[in-house]
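Let me begin by presenting the structure, written as structure tokens, before commenting on it.
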Amino acid sequence: MKGSKIDIEYLSSEELNTIGTNTKGRFFIKSFRKANAISKRSGLSKKIGNLYRAYYKIVFNYLLGIDIPDTTNIGFGFNVFHGQGLVISSDTIIGKNVTVRQNTTIGNSAPGSKSPRIGDNVNIGANVVIIGAITIGNNVVIAAGSVVIKDVPSNVMIAGNPAVVKKELTN
């Protein structure tokens, strides 16, 4: 999961181009990147920025139903389709070019336990649950309705409850 930590102050036009014309996804990532940058500041700058962080929480958590804390480590090219009912733990690490759809939960299986690490180029379908101290490899497709509770290798499509490898993907 090389490069899964992202260190950008604000959103780049290159990232917006990667996301494409998905209006809600673009709105989310613009707001998330700004709130995330503010969350890393200290002193007066952070205190002033906390107003924006409150705006982020109100709009996304309460109005749009996208519960992704602004301190979550999300890589370049993250894309949200629809978003309602989307919950991602702040301890989850998400790689580059990951797409997530509605009614998906990604996090820990018990308070204080570890959360998933998701690789690069992962496509997560609607109504998916990914929980526990697991690793999802690179270039993975997770079918809608899957429950992922074990590590997933790279270059596969998984589906089911519990999710199992259905097919290997070729590049």
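In order along region 158-163, the phi-based Karplus estimate (6.51 cos²θ - 1.76 cosθ + 1.60, θ = phi - 60°) of 3J(HN,Hα) comes to 10, 7, x, 9, x, 5 Hz; Gly and Pro are listed as x.
Ligands, DNA and RNA are left out, and with a 1.4 angstrom probe the accessible area of region 82-127 is 41 Å² per residue.
Note on region 1-127: Cα-Cα pairs beyond 24 Å make up 22% of the total pair count.
Full extension of the chain between residue 73 and residue 55 gives 4.5 nm of extra length, using 0.36 nm per residue less the Cα-Cα distance.
Rounded, prolate or oblate: which one fits region 65-144, using the alpha carbon gyration tensor with axes a ≥ b ≥ c (rounded when a/c is under 1.5, else prolate when a/b beats b/c, else oblate)?
Working: a/c = 1.31, a/b = 1.12, b/c = 1.17.
In terms of gyration-tensor shape, rounded.
Only Cα pairs under 8 Å and 6+ residues apart enter the sum, and on that basis the relative contact order of region 1-136 stands at 21 percent. Between 0 and 90 degrees, the angle of helix 23-39 with respect to the longest Cα principal axis of the chain falls at about 60 degrees. Given a 1.4 angstrom probe, I'd like the percentage of the accessible area of the chain that is carbon and sulfur, rounded to a whole number. Within the chain, the accessible surface is 54 percent carbon and sulfur.
Could you work out the local net charge near residue 28, counting Lys and Arg as +1, Asp and Glu as -1, over the other residues with Cβ closer than 14 Å to its Cβ?
On the way: positive: 24, 26, 30, 33, 34, 57, 101; negative: 15, 67, 70.
Neighbour charge sum, excluding residue 28 itself: +4.
Where both residues lie in region 101-170, what percent of DSSP beta bridges are antiparallel, nearest 5?
Working: 5 of 18 bridges.
Taking every DSSP beta bridge with both residues in region 101-170, the antiparallel ones total about 30 percent.
Placing unit charges on the Cβ atoms only, positive for Lys and Arg and negative for Asp and Glu, gives the chain a dipole magnitude near 360 debye about its Cα centre. For the chain, the tally of Lys pairs with Cα-Cα distances below 18 Å comes to 21, considering only residues 8 or more apart or on different chains. Candidates 147, 126, 22 compared by Cα position along the dipole of the chain: farthest toward the positive end lies 22, with charges placed on Cβ. Per-residue Karplus couplings for region 94-104, computed as 6.51 cos²θ - 1.76 cosθ + 1.60 with θ equal to phi - 60°, are listed in order as 10, x, 8, 6, 9, 10, 10, 10, 4, 6, 10 Hz, Gly and Pro entered as x.
Quick one: dipole size for region 38-125, taken about the Cα centre, charges +1 on Lys/Arg Cβ and -1 on Asp/Glu Cβ, in debye to the nearest 20. Intermediate results must be reported in sequence, preceding the final value.
Values: 10 positive and 4 negative charges, 67 e Å.
Using only the charged Cβ atoms, the result is roughly 320 debye.
For residue 135, the residues 5 or more places off, or on other chains, whose built amide H falls under 5 Å of its own are 117, 151, 152. Computed from backbone phi, the HN-Hα couplings of region 49-60 come to x, 4, 5, 5, 4, 5, 4, 4, 5, 5, 5, 7 Hz, rounded to whole numbers (Karplus: 6.51 cos²θ - 1.76 cosθ + 1.60, θ = phi - 60°; Gly and Pro given as x).
Can you give the extra length, in nm with one decimal, that the chain gains between residue 151 and residue 42 once fully stretched, where that is 0.36 nm per residue apart less the Cα-Cα distance?
Working: separation 109, 0.36 × 109 = 39.24 nm, distance 3.61 nm.
35.6 nm is the gain from fully extending residue 151 to residue 42.
For residue 141, the amide hydrogen comes within under 5 Å of the amide hydrogens of 123, 156, 157, 158, counting only partners 5 or more places away or on other chains and with H modelled in the peptide plane.
The values are calculated or read from the model by the stated rules, or taken from the named source; none is laboratory data. This one's a predicted model, so the numbers in the text were calculated from it and none came from an experiment. Positions of Cβ are backbone-derived with ideal geometry, glycine not excepted, and every protein chain shown enters the neighbour counts. Please note that ligands, DNA and RNA were not included when accessible areas were found on the heavy atoms of the full protein model with its side chains. Shrake-Rupley method; radii C 1.70, N 1.55, O 1.52, S 1.80 Å.
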